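Participant: Let me begin by handing over the structure; questions about it come next.
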Amino acid sequence: MPDTALLYDRVKTFIPPMEWGVFADDIAAIQELKRQRNAVLLAHNYQTPEIFHCVADITGDSLALAREAQRTEAAVIVLAGVHFMAETAKLLNPEKTVLIPDLRAGCSLAESITAGDVRLMRQRYPGRPVITYVNTSAAVKAESDICCTSGNAKKVVESLGVPEVIMLPDEYLAQNVAKETNVKIIAWKGHCEVHERFTAAEIRELRASHPGVVVLAHPECPPDVVAEADFAGSTAAMSDYVAARRPRRVVLMTECSMSDNVALQHPTTEFVRPCNLCPHMKRITLPKIREALETMQHEVTIDPALAARARRAVERMLAVR
Ligand code: SF4
């Protein structure tokens, strides 16, 4: 079994030694299983620190994970994130085995829309290209012209060179992007159950109780929350902001574990932490990752014809620079 002492160094300011005792056995086993299976572990920024800092090979937001999934030479990809992320990894790596440690790790945005809904939107607004946020099923992506993430949404919208687009399913992301572009955006009524809970009043209270705090908001937050923030961007953009500006005190209006992960990398910054957890992301745990590698469960499969159409939309997004 690999020695986990060096890994503990990365998280020792966040995880007390007693708690580490619970994690260490699974962490050592996962490292060994990855080697035996020729597997790579991709972890989203919302995964807990013992996963993000101690067993993940590649970390990042949806866009980074999609790009890295395409580059990996491993035979097996384990996705520590939610189901649509594992599907995206499979779309880009059809010949590889892609595993998700818990099949129930879903997403309120992905569940807000079906392929049939996209076809109805096309009928209702003929001629408008359909841009689909990556937080959707492969079946929805297959009905789309191009995908986007919160990190590249504006670029994707403007890359199409048309006056009006349909952008699905996150209403708030669509509204926030619409404020930054002259392209007219037709939205859907989907929301992220984590980000929709933040309010502008909460930001004002945080500013009053934590003087000088810099507020960074995710664009899945309602537009009045984004307007009240000092900066809005994807999880990668928030992380970059903290690394570049080193604010003395910061609050990230996004999923709770993101602050924990970024705080470990920036010990001189004080993180104020209103805690909104994503219940879907939290279904992924060390024991489940270990079990996934031991049993090679749960494999993500996509009908090849549907996958080809969905892949086109993802690859078209990845080509936008
Ligand atoms: S944080 Fe929101 S968008 Fe991300 S997986 Fe959870 S519900 Fe979906």
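Participant: Only one of 298, 218, 280, 266 is under 26 Å from residue 50 (Cβ atoms) and surrounded by fewer than 16 Cβ atoms within 10 Å (Cβ to Cβ); which?
Facilitator: 266
Participant: Applying the selection to segment 61-74, what residues are small (Gly, Ala, Ser), away from the ligand (no atom under 12 Å from the Cβ) and closer than 24 Å to residue 321 by Cα?
Facilitator: 64, 66, 69
Participant: Just checking: which of the strands (runs of 3 or more DSSP E) contained wholly in segment 146-188 hold 1 or more residues that are within 16 Å of the ligand (Cβ to nearest atom) and buried (at least 20 other Cβ atoms within 10 Å of the Cβ)? Break it down into steps so the answer makes sense when it comes.
Facilitator: Numbers: elements: 146-148, 164-168, 184-187.
Of the strands (runs of 3 or more DSSP E) lying wholly inside segment 146-188, those with at least 1 residues that are within 16 Å of the ligand (Cβ to nearest atom) and buried (at least 20 other Cβ atoms within 10 Å of the Cβ) span 146-148, 164-168.
Participant: Working carefully through the options 212, 233, find the one that is at pLDDT 95 or above and touching a Lys or Arg at 6+ places or on another chain (Cβ under 9 Å).
Facilitator: Result: 212 is the single residue among 212, 233 that is at pLDDT 95 or above and touching a Lys or Arg at 6+ places or on another chain (Cβ under 9 Å).
Participant: Next question, about the same structure. Considering only residues of segment 304-321 that are over 19 Å from the mean Cα position of the chain (by Cα) and closer than 9 Å to residue 142 by Cβ, which is surrounded by the fewest Cβ atoms within 10 Å (Cβ to Cβ)?
Facilitator: Restricting to residues being over 19 Å from the mean Cα position of the chain (by Cα) and closer than 9 Å to residue 142 by Cβ, the top hit is 305.
Participant: Here's another thing I want to ask about it. Kindly list the number of the only condition in (1) within 15 Å of the ligand (Cβ to nearest atom); (2) at pLDDT 95 or above that fails for residue 77.
Facilitator: That leaves (1) as the condition not met.
Participant: Return the only residue of 263, 200, 237, 243 being within 16 Å of the ligand (Cβ to nearest atom), small (Gly, Ala, Ser) and in contact (Cβ under 8 Å) with a residue 12 or more places away in the chain.
Facilitator: When all the criteria are applied, what remains is 237.
Participant: Separate question: With (1) hydrophobic (A, V, I, L, M, F, W, C); (2) away from the ligand (no atom under 14 Å from the Cβ); (3) in a loop (DSSP other than H, G, I, E, B) as the list, and residue 226 as the residue in question, which single condition is left unmet?
Facilitator: Only one criterion in (1) hydrophobic (A, V, I, L, M, F, W, C); (2) away from the ligand (no atom under 14 Å from the Cβ); (3) in a loop (DSSP other than H, G, I, E, B) is unmet by residue 226, namely (3).
Participant: Could you check segment 1-18 and list, in sequence order, the residues that are more than 25 Å from residue 100 (Cβ to Cβ) and either part of a helix (DSSP H, G or I) or among the β-branched types (Val, Ile, Thr) (or both)?
Facilitator: Correct list: 5, 6, 8, 9, 13, 17, 18.
Participant: Also: Scan segment 42-64 and tell me whether some residue there is in contact with a Lys or Arg (Cβ under 6 Å, 6 or more places away or on another chain) and of a type in the set (A, V, I, L, M).
Facilitator: No: segment 42-64 contains no residue that is in contact with a Lys or Arg (Cβ under 6 Å, 6 or more places away or on another chain) and of a type in the set (A, V, I, L, M).
Participant: So for segment 91-107 (the condition being under 15 Å from residue 301 (Cβ atoms), charged (D, E, K, R), more than 16 Å from the ligand (Cβ to nearest atom) and under 17 Å from the mean Cα position of the chain (by Cα)), does at least one residue qualify?
Facilitator: There is no residue in segment 91-107 that is under 15 Å from residue 301 (Cβ atoms), charged (D, E, K, R), more than 16 Å from the ligand (Cβ to nearest atom) and under 17 Å from the mean Cα position of the chain (by Cα).
Participant: Restricting attention to strands (runs of 3 or more DSSP E) lying wholly within segment 36-145, give those where 1 or more residues are free of Cβ contacts under 8 Å to residues at least 40 places away in the same chain and surrounded by 24 or more Cβ atoms within 10 Å (Cβ to Cβ). Give the steps one after another, and end with the answer.
Facilitator: Values: elements: 39-44, 58-60, 76-80, 97-99, 130-133.
By residue number, 39-44, 76-80, 130-133.
The values are calculated or read from the model by the stated rules, or taken from the named source; none is laboratory data. Note that the structure is a prediction, hence the values are computed from the model and not measured. Cβ sites come from the backbone with ideal geometry, for glycine too, and all protein chains shown count toward neighbours.
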